[in-house]
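The values are calculated or read from the model by the stated rules, or taken from the named source; none is laboratory data. From a predicted model like this one, the values you see are computed outputs, not experimental measurements. Note that each Cβ is placed from the backbone with ideal geometry, even for glycine, and that neighbours are counted across all protein chains shown.
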Amino acid sequence: MRRLLSSIVATLILVSLGVAAYSAAPEPIIIGCNLEMTGQVAAYGQAAWEGINLATQIVKPEALGRPIEFRLLDNKSDKIDTANAASRLIEKDNVCAIIGPMISGSMLSAGEVCEKKQVPIIGPTTTNPLTTQGKKYVFRACFIDPFQATIAATYCYRDLNARTAAILSDISNDYCVALGDFFRKEFERLGGEVVSLTYCKAGDQDYSAQLTDIKTKNPDIIYIPNYYTEAALAVVQARDLGMKQPVFGADGIATEEFLTIGGKAVEGVMHTTFWHEKAAQSELSRKYVELYRAKYGSDDEVNVFGALAADSYLMVLDAIKRAGSADPKAVAEAIENTVNLEVITGLVTIENGDAIKPVVFREVKNGKWDYKTMVHP
């Protein structure tokens, strides 16, 4: 009886120790992901989620002895839903930082929420300079529109010898309008002339009115700084009208969907973007490319939107470690103090919320995006 009692006591002690050990398990650090999983630019958000998950296979999601967990919300490519998602991630999930959205218009909405709540948010590909202007808690992992549009205008004028240009912008998106304006100013400063400035809206299917005006003016170059669907449709219809001018786009067309929608018509289209796998120089970059190839096949291009989202994850992770805390204010301060951090797309330094990074030029060749060159700031 005494032995049985001792056995029961010993068992109870072991159970209580197990409960204590379980209750002492480190609390996870939560990072929110506010992404466009559906809607107009679903390709961006889906690629971002893929990129984040690949990056966690290279750099373990762990900091300060605590596991990192993600909370993914679909913002449906909508500004209001994006703002609501940011509020929910902060108030319900107690995130220490948020990755996404991917587009500037939505970041303008979400950024206001995060600035008020004092929680850092990183836009992997939000290029509009207004998203970070005057903000302490809003960041980006990419270059800004004035830089890419200026470089594009310079390339068209000097390398392609274009002296006249047409611009077709999506007036419903701040990103597209801003790019067109920055391009126009630099092209004209260099001595060129914008002979046609026309607009469309997201979701438009017929571009005959705009393209007829452009065809009449017969410019040397056509600049279409729109998202992938509208840009591809415009190029297809331009080629159907017999227009053979070079077409130049921006980072918004950096998707496989642009190639699929455009087909043979987009052959030769050039654009500015954030990165290309041929620019992968570090061991971290090469490992990411290897993992991408293993999962999605050797024929698929390594998606740049996924790579920038992976960069954002690494930036947040690094900031938590350097801050020695998952407190949002401390994390935000550490992100702002990022200097030459090695991420998937190279080295990144943050200045006033903006990432200092080069611009990559690509061209469609044989139905695929092909690397041309890189321009550093």
(request) Looking only at region 279-297, count how many residues are more than 14 Å from residue 55 (Cα to Cα) and surrounded by 15 or more Cβ atoms within 10 Å (Cβ to Cβ). (result) 3
(request) Report, ordered by the first and then the second residue, all pairs with beta carbons closer than 8 Å, sequence separation of six or more or different chains, a first member in region 24-43 that is under 20 Å from residue 88 (Cα atoms) and without any contact (Cβ under 8 Å) to a residue 40 or more places away in the chain, and a second member that is outside any loop (DSSP other than H, G, I, E, B) and acidic (Asp, Glu). (result) 37/74; 38/74
(message) Between a residue in region 174-203 that is without any contact (Cβ under 8 Å) to a residue 40 or more places away in the chain and any residue that is of a type in the set (Lys, Arg), which pairs come within a Cβ distance under 6 Å, given they are 6 or more apart or on different chains?
(response) 192/163; 194/184; 195/217; 196/217
(request) Looking for whichever is out of contact with any strand residue (DSSP E or B) (no Cβ under 6 Å at 6 or more places or on another chain) and assigned by TED's automatic domain parsing to the domain that holds residue 61 here; the options are 336, 351. Which one fits? (result) 351
(request) Pairs only if they're at least six apart or on different chains, beta carbon under 9 angstrom, first in region 305-323 and assigned by TED's automatic domain parsing to the domain that holds residue 336 and free of Cβ contacts under 8 Å to residues at least 40 places away in the same chain, second in a helix (DSSP H, G or I) and of a type in the set (Asp, Glu); list them, first residue then second. (result) 323/333
(request) Just give me the residues in region 161-175 being within 23 Å of residue 212 (Cα to Cα) and at pLDDT 95 or above, in sequence order. (result) 162, 163, 164, 165, 166, 167, 168, 169, 170, 171
(message) Out of the residues in region 30-40 meeting the condition of being modelled with pLDDT of 95 or more and in a loop (DSSP other than H, G, I, E, B), tell me which one is farthest from residue 292 (Cα to Cα).
(response) 39
(request) May I ask you to list the residues in region 86-105 that are out of contact with any helix residue (DSSP H, G or I) (no Cβ under 6 Å at 6 or more places or on another chain) and over 27 Å from residue 250 (Cα atoms)? (result) 88, 89, 91, 92, 93, 94
(message) Between 50, 27, 69, which is on the phi < 0 side of the Ramachandran plot, at pLDDT 95 or above, part of a helix (DSSP H, G or I) and among the acidic types (Asp, Glu)?
(response) 50
(message) Against the definition (of a type outside the set (Lys, Arg) and assigned to a loop (DSSP other than H, G, I, E, B)), how does residue 252 come out, yes or no?
(response) no
(message) So for region 345-366 (the condition being in contact with a His (Cβ under 7 Å, 6 or more places away or on another chain), of a type in the set (A, V, I, L, M) and surrounded by 23 or more Cβ atoms within 10 Å (Cβ to Cβ)), does at least one residue qualify?
(response) yes
(request) Taking residue 330 as meeting all but one of (1) in the same structural domain as residue 289 (by TED's automatic domain parsing); (2) small (Gly, Ala, Ser); (3) surrounded by fewer than 16 Cβ atoms within 10 Å (Cβ to Cβ), write down the number of the exception. (result) (3)
(message) Suppose the filter is assigned by TED's automatic domain parsing to the domain that holds residue 119, in a loop (DSSP other than H, G, I, E, B) and among the β-branched types (Val, Ile, Thr); does residue 56 pass it?
(response) no
(request) At least 2 residues that are of a type in the set (Val, Ile, Thr) in each: list the strands (runs of 3 or more DSSP E) lying fully within region 91-194 that qualify. (result) 97-99, 121-123, 164-170
